[in-house]
1. Any residue at all in the stretch 418-427 that's modelled with pLDDT of 95 or more, closer than 16 Å to residue 352 by Cβ and in contact with a helix residue (DSSP H, G or I) (Cβ under 6 Å, 6 or more places away or on another chain)?
2. Considering only the stretch 380-403, I want to know if a residue exists there that is at pLDDT 95 or above and over 21 Å from residue 455 (Cα atoms).
3. Restricting attention to the stretch 90-112, does a residue exist that is within 28 Å of residue 305 (Cβ to Cβ) and assigned to a strand (DSSP E or B)?
4. Of all residues in the stretch 190-227, how many are part of a strand (DSSP E or B) and in contact (Cβ under 8 Å) with a residue 40 or more places away in the chain?
5. Do the conditions hold for residue 185, that is, is it at pLDDT 95 or above, over 30 Å from residue 252 (Cβ atoms), surrounded by 21 or more Cβ atoms within 10 Å (Cβ to Cβ) and within 22 Å of the chain's Cα centre (by Cα)?
6. Here are some conditions: (1) surrounded by fewer than 12 Cβ atoms within 10 Å (Cβ to Cβ); (2) out of contact with any strand residue (DSSP E or B) (no Cβ under 8 Å at 6 or more places or on another chain); (3) over 20 Å from residue 206 (Cβ atoms). Residue 289 meets all but one. Which one does it not meet?
7. Restricting to the stretch 250-291, give me the number of residues that are touching a helix residue (DSSP H, G or I) at 6+ places or on another chain (Cβ under 7 Å), over 18 Å from residue 158 (Cα atoms) and not in a loop (DSSP other than H, G, I, E, B).
8. Which residues, counting only those in the stretch 441-462, are in contact (Cβ under 8 Å) with a residue 40 or more places away in the chain, in a helix (DSSP H, G or I) and surrounded by fewer than 23 Cβ atoms within 10 Å (Cβ to Cβ)?
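The values are calculated or read from the model by the stated rules, or taken from the named source; none is laboratory data. It should be emphasised that the depicted structure is a prediction, and the values quoted were computed from it without experimental measurement. Cβ sites come from the backbone with ideal geometry, for glycine too, and all protein chains shown count toward neighbours.
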């Protein structure tokens, strides 16, 4: 970077899906923008999360499909896989997407400043080659500084992620060889996706979850479909189960767990994957000295992502849940639009889609049936199974259903839950419906193309009001 190119309107610390999107939007709005990022652009999402994991899951899905090719009248002999190539494909896709962000930076005249950013005072960012260096390489200035430093894997107390016997998603994405057995601790989206991937290629998977169901934030009927499918595929699922301790001293890792009655037992495997969530990267870049308020491991912000210190903002995982890339991106857009004085609106966090990309896929938005009733709504429930759906039957993808929750009084869509093939794509229609405050009438009267999986949404809405045709 040229020495005189050190003054910016906006500096973003972190180049993940929150940071790089904020930078692009700021540039579109006429601001001079710099992004301090120590590693490849795209952050965890593009390099170690969203994109490369979906590449791995596609491999697993394809391998599973080939193994069931006979159901489609297709004969395939001696099916095998090259696990090293499976992993390499994922890494190549990640590199390609990261380079795409580099292109977007050049196109939008955004300066990528390589290094670790620390904020010694308002309006200034010091850039270090290494986080523990005593001397910084350069100082850059900006009226507005956006912290988008993301999050890292969290572990249970007194258990170290050593990268060998106890691993995080980083190591799970680039294993040197396929483990024969794996204990996955945590059955949220990350744990469930890796469970599906490793099980597909022959690893004996045991999934341990402290809550009563896997995917505990999802609708209970949805989680039962996934759990039943996983069990049929050979996985062991232990819900309502707490990890007491982990011993890595032996040849295998030993995980001691206890059930809801306190009964303990030992589980043994080649490796244990820690998938209990993430914690914000709030340390070691000057927040305490600045007086920026934090709470439970994340930075406190208002509805426009302003911290309590003027000119300092925080977006994405570092600002707390929901820890989702698409949330971080939209937070970045709202943040810089507010900075630029553009008419913008706070995000409605009741209208955020959540997706899990195992097979069958899971996608949801809004309230679960249980939550809607807790909120005091009288509800009407519509449900339509893919088992009776023409397109699903033709495609051989009959697991799952669409479930819609409506306010009985006004017909407003309160929540939507899909489990099945392409659920993560189908949820977009319902996200649009909720944004537009659609009622059952709009959904039922929208003509859906036939035959499509999306027709199941229309049928589920019809079921809630006694108008479903194919039930």
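1. Checking the stretch 418-427: at least one residue is modelled with pLDDT of 95 or more, closer than 16 Å to residue 352 by Cβ and in contact with a helix residue (DSSP H, G or I) (Cβ under 6 Å, 6 or more places away or on another chain).
2. Start the filter on the stretch 380-403 by keeping residues that are at pLDDT 95 or above, which leaves 380-403.
This time we only want the ones that are over 21 Å from residue 455 (Cα atoms), so: none.
No, the stretch 380-403 has no match at all.
3. yes
4. The first filter runs over the stretch 190-227 and keeps only residues part of a strand (DSSP E or B), leaving 204-208.
Next, from what is left, pick out any that are in contact (Cβ under 8 Å) with a residue 40 or more places away in the chain: 204, 206, 208.
Number satisfying all stated conditions: 3.
5. Working: at pLDDT 95 or above: yes; over 30 Å from residue 252 (Cβ atoms): no; surrounded by 21 or more Cβ atoms within 10 Å (Cβ to Cβ): yes; within 22 Å of the chain's Cα centre (by Cα): yes.
Criteria not met by residue 185.
6. (2)
7. Let us first name the residues in the stretch 250-291 that are touching a helix residue (DSSP H, G or I) at 6+ places or on another chain (Cβ under 7 Å), namely 273, 275, 278, 280-282.
When the remaining residues are screened for being over 18 Å from residue 158 (Cα atoms), the result is 280-282.
Checking which are not in a loop (DSSP other than H, G, I, E, B) leaves us with 280.
Number satisfying all stated conditions: 1.
8. Scanning the stretch 441-462 gives 455, 462.
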